[in-house]
Amino acid sequence: MNFLTDNLACLFGWLIFSMVVCLGIDARIWEQAKLDNPDPMRMIPVPIVGFDELHQRLRLQEQQTSLHQSRLEVSEFRQFI
């Protein structure tokens with residue numbers, strides 16, 4: 001029995017750590033990011049390397065915010081019907 005591959009949470013963590021190491025993220029910075037995580041059972045740190053990735057993240061957050069705003073507007077409209 002291999003704990004690493006039999007436990008999905010452990011396997012996922014190992015895959016993410018492997019990705020981080022491949023990206024060249026310092027292991028100490030990764031460990032600090034995990035310690036700073038406000039909800040480790042539901043979230044994981046996601047490394048962003050470079051401006052392009054940061055810009056992509058911003059665009060995705062803006063899209064998600066627009067979707068949330070649209071749903072709120074529909075919800076408010078339905079209250080008046």
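ARG28 falls short on exactly one of the conditions (1) more than 16 Å from the chain's Cα centre (by Cα); (2) surrounded by 10 or more Cβ atoms within 10 Å (Cβ to Cβ); (3) at pLDDT 80 or above, and that condition is (2). ILE48 passes every criterion in (1) assigned to a loop (DSSP other than H, G, I, E, B); (2) of a type in the set (A, V, I, L, M); (3) at pLDDT 85 or above apart from (3).
Note on region 42-81: residues that are exposed (fewer than 10 other Cβ atoms within 10 Å of the Cβ) and among the hydroxyl-bearing types (Ser, Thr, Tyr) total 1. Cβ-Cβ contacts under 7 Å between residues 6 or more apart (or on different chains), taken from a first residue in region 44-62 that is closer than 14 Å to ILE29 by Cα to a second residue that is among the aliphatic types (A, V, I, L, M), are listed as ILE44/ILE16; PRO45/ALA33; PRO47/VAL20; PRO47/LEU23; PRO47/ILE25; ILE48/LEU54; VAL49/LEU23.
The values are calculated or read from the model by the stated rules, or taken from the named source; none is laboratory data. Note that this is a predicted model, so its numbers are computed, not measured. Backbone-built Cβ (ideal geometry, glycine too); neighbour counts: all protein chains shown.
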